[in-house]
Amino acid sequence: MAIGEKALTEAAIAANRFGLGSRPGDLAEIAGDPRGWLKAQLAPETSLPAPLKSLPSTLDDLRAFTLWLKSLRDEIEDAGMSPADIRPQTPGEMIEQSKGGKGFSVEGSFVKYFIPRLQTALKARFDTAVTTPRPFFERLVHFWSNHFVVSSAKPATIAMPPSFERDVARAHATGRFHDMLLASTKHPAMLVYLDNIQSVGPSSPFAKSPPPEREYDFQDVAPRPKGLNENLAREILELHTLGVHGGYTQADVTSFAKVITGWGLARPTLGLLGRLAMPGDLKGADLFGFDPAKHEPGPQTIMGKTYPDTGVEQGLAVLADIARHPSTATFVATKLARHFAADDPPPALVARLAKRFLDTEGDLAAVMASLIDSPEPWDEPLRKFKRPEEFIVSTFRAGPGPLLTGPMLMVILNEMGQLPYYQPGPDGWSDTADQWMGADAVWKRVDWSVAAARGLATAEKDPSRLASDVLGPTLGEATAKAIARAESPAQGLALLLASPEFQRR
Amino acid sequence: MGTILSRRMSLGLLGGLVGVAGLPGLALASAATRKRFVLVILRGGMDGLSAAPPYGDPDYVTARAGLAIPGPGEAGGALKLDGTFGLAPELAYAHALYGAKELLLVHAAATPYRDRSHFDGQNLLENGTAKPYGASDGWVNRALAGLPPAATAGAKDLGVALASRMPLALTGSAPVTNWSPTVAPPPTDDTLARIGALYDEADPMLADAFRKAEAANAMAGGNRPDGDPYQSLARAAARFLLAEEGPRVAVLELGGWDTHARQLGAYSALGRNLATLDLGLKLLKEGLGPVWNETIVVALSEFGRTVAMNGSGGSDHGTGGIVLLAGGALAGGRVLADWPGLKPKDLYESRDLRTTTDARAVIKGILADHMGIAEAHLARTVFPDSADAKPVAGLVRPA
């Protein structure tokens, strides 16, 4: 039975724009009911994808930095020096100290210790994306881990993004936004990444009668906190919920920062950090702790509403309110519309998604269903330019590529400007084509297309057939002709992977 | 630290995939005599007291015990600039430039950054405001918007970064490009021609990026590495600046200055890095030929290092350092320093060389007198919050 062109076009949009790239045969399978195929993927995950199962726990990721510091101390003591000799002067300098005699560099040790961890996690994320039968769900995981961002670019959180992603984005991708916001805000990775563990209420008991200064203790993950740090409070409002024009002021940021003073790691967690024995598979939420001694006493007013001092409940109350704020609905809807419809998000779609968000109190499955049922994501194929990671993933979904190790993957994605888990800032990777279509980046994608095609070509594929198989009717005449006229299968496949249709989604 | 992966590592990791072949450099017509500006970002916190030792300061040997470089004339001694300052022996080419009045040393200089984080310090150095993350674009890009029309005529992109990722310093709305050698095996010319033709026919945005990359490769003389990573980039920078339609400004990056251990010695990281910087100046001058006379290079780091040696034969994050200026358009052959001294009481927070010259004042002087950018544009747009850093006059050789 022949499948109509419209059905195949929608299948291509479902597989390539909503999913992570079609595998041969996908389009024919999806074409019967592309919306149903997508909605089925809104069900939460029943178990972790196989490549992710062996990754370290959140506790292990959290301890990694401390254990590295401990191993460093052993080496320092072996050299007959004292840890005091390398006491850090400022937080930024924490990893930059050194041990003499043997040409040992702290920075070198740090990179050697953590890069393999990162490469393993990167490969697991990549293998999951390439092999998953639920590519739309997986795209949503990537989307949310680029909304709630913890980056390896900060040394203290270098090991944490993979387990943060699992505990936050993967656990709640199609759940409730409020739950994801809580999972993120209480996660040790976020509390360290945006410095809340260093934030102390200026009138808190801790600030008024600080415990006696100790010699620097390697079991601490940060230097002794001295006062208020607004970083997390600001980014929650600006990047996670309301958006920069969401209607809050600097005074709101300061008040909110005071509200979440004391949000940090559980005391038992701090004790566990330096121990070698592993007490089970603890997730982010299990490691959260509230320290009343660091909490700023008193009521706080945020966006016109006063929250009495109820300890940790005060922060929970603020988060509950901002999670269902209209600005948050619009901010989230705008980002989703940009990701799934167009760089310049259609206002009608944004309004529809925001309304659904508000009506359902942030039920993300309901919001995504509304997106799937909207006309805008379906009305014009290939409007979005693939970012480097999704581009590489989609080449592998189209067919077996060259053998790619974790280190090679790291080099290739780094060269294209998107090393996963390594966002330059808490605002995440950009989602518009202009940021990814730089001359150097496009050239490297072309280089990659040619290199990957060499691997694909050994499978004796017919490039023209593969092209129509993965692109369906979105394959344009110019590309089809160029592929058909190629001098070899490898060149035909290179033209397919480098083609505008394959570079876009 | 800069980026997590150095190009050297990249080349090593891709091992088997890579067939590194040098392409012959293209012979490029010498461009008209327009002004050129090169920024070299020295990432990691360069030790200015080692690069340019104040050997004549009576406190130098004591304050830098363990790190002090012998005076001029002694074995391994500093290369004399004047009665107070010298250059590290690795900077022999720079020293020759000084003799030719094509090098100028500014000492005890720094950006306004006074803390000690690489990340924040580099962000501030590049964003051009007085605080980390104070702007989301870079001062070099903002400066391009103030170039006089005559300086930009014929140029497609006004600036180029020799880097795989656009550094913040050059990020912004003025047209710029970036280039770096590719480590993957090269596609054949025929395949590239077909891909280019397909883009021309089917996708104007991709076509534009592709043609830009092609033009960049032509200016750089191919897209294969040409020598060591930094050498390759320095050679390419010269080719870009020479090209008729090429950029007027180039940004280079050289990392590895975070020398916490074993600074001294022939094979120390610091010694190697200084030699690399020195060779880079040579490659730029040789590559630019006559255009060197229209060029000024500014090299600086996010901060300097501690005066005293640390426990491991290195130095830790400090404050004051140096700004190194080079180029045929420079009124060089001198040292600019309001020297704060090295006695314990003279030091910033009892540990760092005190900053007496704002690096922005030096850069503003170059951008105004050499590149012809209006002072109002410099004060308002390029370096906002820099009212106290008046442009330093007289840095440029009179025409």
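The values are calculated or read from the model by the stated rules, or taken from the named source; none is laboratory data. Since this is a predicted model, take the numbers as computed values, not measurements. Ideal geometry is used to build each Cβ from the backbone, glycine not excepted, and the neighbour counts take in all protein chains shown.
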Residue within region A:3-24 that is over 24 Å from A:Leu382 (Cβ atoms) and in a helix (DSSP H, G or I) present: no
Complete set of residues in region A:489-505 that are more than 9 Å from chain B (Cβ to nearest Cβ) and part of a helix (DSSP H, G or I): A:Pro489, A:Gly492, A:Leu493, A:Leu496, A:Leu497, A:Phe502
Residue in region B:306-315 that is of a type in the set (Val, Ile, Thr) and modelled with pLDDT under 95 present: yes
Failed criterion for B:Val335 (all others in (1) in a strand (DSSP E or B); (2) farther than 30 Å from B:Asn293 by Cβ; (3) among the β-branched types (Val, Ile, Thr) hold): (2)
Of residues in region B:95-122 being of a type in the set (S, T, N, Q) and in contact with a helix residue (DSSP H, G or I) (Cβ under 7 Å, 6 or more places away or on another chain), the one modelled with the lowest pLDDT: B:Ser117
Wholly within region B:171-284, helices (runs of 4 or more DSSP H) carrying at least 2 residues that are facing chain A (nearest Cβ under 10 Å) and over 24 Å from B:Val140 (Cα atoms): B:189-202, B:204-220
Output for region A:372-409, where each listed residue is assigned to a loop (DSSP other than H, G, I, E, B), over 20 Å from A:Pro489 (Cα atoms) and either of a type in the set (A, V, I, L, M, F, W, C) or touching a residue at least 60 places away in the same chain (Cβ under 8 Å) (or both): A:Pro381, A:Leu382, A:Arg383, A:Lys384, A:Lys386, A:Leu404, A:Thr405
Boolean, B:Val106 is buried (at least 23 other Cβ atoms within 10 Å of the Cβ), within 14 Å of chain A (Cβ to nearest Cβ) and part of a strand (DSSP E or B): no
In region B:366-399, the residues that are among the polar types (S, T, N, Q) and in contact with a strand residue (DSSP E or B) (Cβ under 9 Å, 6 or more places away or on another chain): B:Ser386
Region B:42-64: number of residues that are at pLDDT 95 or above and part of a loop (DSSP other than H, G, I, E, B): 11
Residue selected from region B:32-64 under the condition surrounded by 24 or more Cβ atoms within 10 Å (Cβ to Cβ) and small (Gly, Ala, Ser), by the criterion nearest to B:Tyr230 (Cα to Cα): B:Gly44
Evaluation of A:Tyr421 against (1) among the aromatic types (Phe, Trp, Tyr); (2) more than 7 Å from every other protein chain (Cβ to nearest Cβ); (3) free of Cβ contacts under 8 Å to residues at least 60 places away in the same chain (one fails), failing number: (3)
Conditions (1) within 13 Å of B:Ile195 (Cα to Cα); (2) part of a helix (DSSP H, G or I); (3) facing another protein chain (nearest Cβ under 10 Å); number of the one not met by A:Ala486: (2)
Members of region B:253-297 that are buried (at least 24 other Cβ atoms within 10 Å of the Cβ), under 21 Å from B:Ala161 (Cα atoms) and among the aliphatic types (A, V, I, L, M): B:Leu277, B:Leu281, B:Leu284, B:Leu288, B:Ile296, B:Val297
Scope region A:336-348; condition surrounded by 20 or more Cβ atoms within 10 Å (Cβ to Cβ) and either under 19 Å from the mean Cα position of the chain (by Cα) or not in a loop (DSSP other than H, G, I, E, B) (or both); matching residues: A:Leu336, A:Ala337, A:His339, A:Phe340
Identity of the residue in region A:424-435, more than 11 Å from the chain's Cα centre (by Cα) and at the interface with another protein chain (Cβ under 10 Å from one of its Cβ atoms), that ends up modelled with the highest pLDDT: A:Ala433
Output for region B:295-348, where each listed residue is of a type in the set (A, V, I, L, M) and within 13 Å of chain A (Cβ to nearest Cβ): B:Ala308, B:Met309
Condition met for A:Gly438 (facing another protein chain (nearest Cβ under 8 Å) and touching a strand residue (DSSP E or B) at 6+ places or on another chain (Cβ under 7 Å)): yes
